[in-house]
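> The structure that follows is given in the form of structure tokens.
Since every read-out is calculated from the coordinates, none of them should be taken as a lab result. Keep in mind that this is a model prediction, so the values were computed, not measured. In this analysis, Cβ positions are derived from the backbone assuming ideal geometry, glycine residues included, and neighbour counts consider all displayed protein chains.
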Amino acid sequence: MGQIKDFLTSNHLKTKRDYHARSVNEKPVFATLAKKFDQDYWDGPREIGYGGYKDDGRWSGVAEKFLSFYNLSENASILDIGCGKGFLLNQLHIKRPDLKIKGIDVSSYALNNAPSSVRPFLEIGSAENANFEKNSFDLVVSLNTLHNLELPDLVSALKKIESFSNGKSYICVESYSSEQEKWNLMRWQLTCEAFYTPREWEWIFSLANYTGDYEFIFFE
Ligand SMILES: C[S@@+](CC[C@H](N)C(=O)[O-])C[C@H]1O[C@@H](n2cnc3c(N)ncnc32)[C@H](O)[C@@H]1O
């Protein structure tokens, strides 16, 4: 089993979340819209998603954490599954232009609104159906994406990450470790399908033979 990392938690904790404001009767309508991962989700009102998703400067530090921990060799390759607007890949590209980057995501809106410097390296694709050669990337990452998959697709995606990676991988998923965090997650989430405690997640990782690193995001 890989290591538990802290690449995203400090940024996650900086964001203020009004859980109560998300507990409205229209929530199923908003969630249905959010799950299209179209403009509403990224740059529409806060009730439907990010409420305007920009790189506010946070991704530079996240990229530095990845580079410092994974110590990638010259021209190493990175795949980001569920790359969204490509903010992580963009910062990695700025800091290490030698790296071969690739991002896939189901959202054409996100890819079309990624920084122009990384757009050529992004393509439509889903975590569960992605098709790359075995061991073809030096590092495979997936940030805050896999909890959006139903269990059969989730297991399939984990197996794929394990297969595509030549040894190094990292995923970040939402979780809860108390009734309060469970309640906060239930109220906040719009697109989540996988609601698990760390123990359950780790059980799923072993079921899928996923041996990479991971991080859990908690809603405190
Ligand atoms: C919370 S966003 C995270 C985006 C990006 N990783 C980031 O941290 O900025 C979740 C992402 O998962 C993507 N997504 C949802 N279902 C997916 C799937 N089955 N395969 C690949 N990406 C998916 C969405 O389009 C969205 O980009």
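> What does the charge dipole of the chain about its Cα centre add up to, to the nearest 20 debye, if the Cβ of each Lys and Arg holds +1 and the Cβ of each Asp and Glu holds -1?
The dipole of the chain has a size of about 340 debye.
> While we're on this one: With θ taken as phi - 60° and the coefficients 6.51, -1.76 and 1.60, list the Karplus ³J(HN,Hα) couplings across segment 7-13 in order, rounded to whole Hz; mark glycine and proline as x.
In residue order, the calculated couplings are 9, 10, 4, 5, 5, 4, 6 Hz.
> Taking neighbour Cβ counts within 10 Å as the exposure measure, how do 101, 94 sort from fewest upward?
Fewest-to-most Cβ neighbours within 10 Å comes out as 94, 101.
> While we're here: With θ taken as phi - 60° and the coefficients 6.51, -1.76 and 1.60, list the Karplus ³J(HN,Hα) couplings across segment 25-31 in order, rounded to whole Hz; mark glycine and proline as x.
Values per residue, Gly and Pro as x: 4, 7, 3, x, 5, 5, 5 Hz.
> Using the structure shown, list the pairs from 100/160; 102/182; 54/102; 14/160 with a Cα-Cα distance above 30 Å, or answer none.
102/182; 14/160
> With θ set to phi - 60°, apply the Karplus curve 6.51 cos²θ - 1.76 cosθ + 1.60 along segment 81-95 and write out the HN-Hα couplings as whole Hz, x wherever there is a Gly or Pro.
9, x, 6, x, 7, x, 5, 5, 4, 4, 5, 5, 5, 5, 7
> Expressed as a fraction of 2.2 N^0.38 Å, the rule-of-thumb size for a compact globular protein of N residues, what is the C-alpha radius of gyration of the chain?
0.97
> Using alpha-carbon pairs under 8 Å, 6+ residues apart, how would you state the relative contact order of the chain in percent?
With pairs under 8 Å counted, the relative contact order is 22 percent.
> Now, a different point. Show the residues, 5+ positions off or on another chain, whose built amide H is closer than 5 Å to the amide H of residue 80.
102, 103, 104, 141
> In nm, what is the difference between 0.36 nm times the number of residues separating residue 75 and residue 133 and their Cα-Cα distance?
19.1 nm
> To the nearest 10 degrees, how steeply does helix 198-207 sit against the main Cα axis of the chain, on a 0 to 90 scale?
On a 0 to 90 degree scale, this one is about 50.
> One-quarter of the Cα convex hull surface for segment 36-159, in nm²?
7.7 nm²
> Give me the angle, in degrees from 0 to 90, between the Cα long axis of helix 151-164 and the longest principal axis of the Cα atoms of the chain, rounded to the nearest 10.
Helix 151-164 and the main axis of the chain meet at about 20 degrees.
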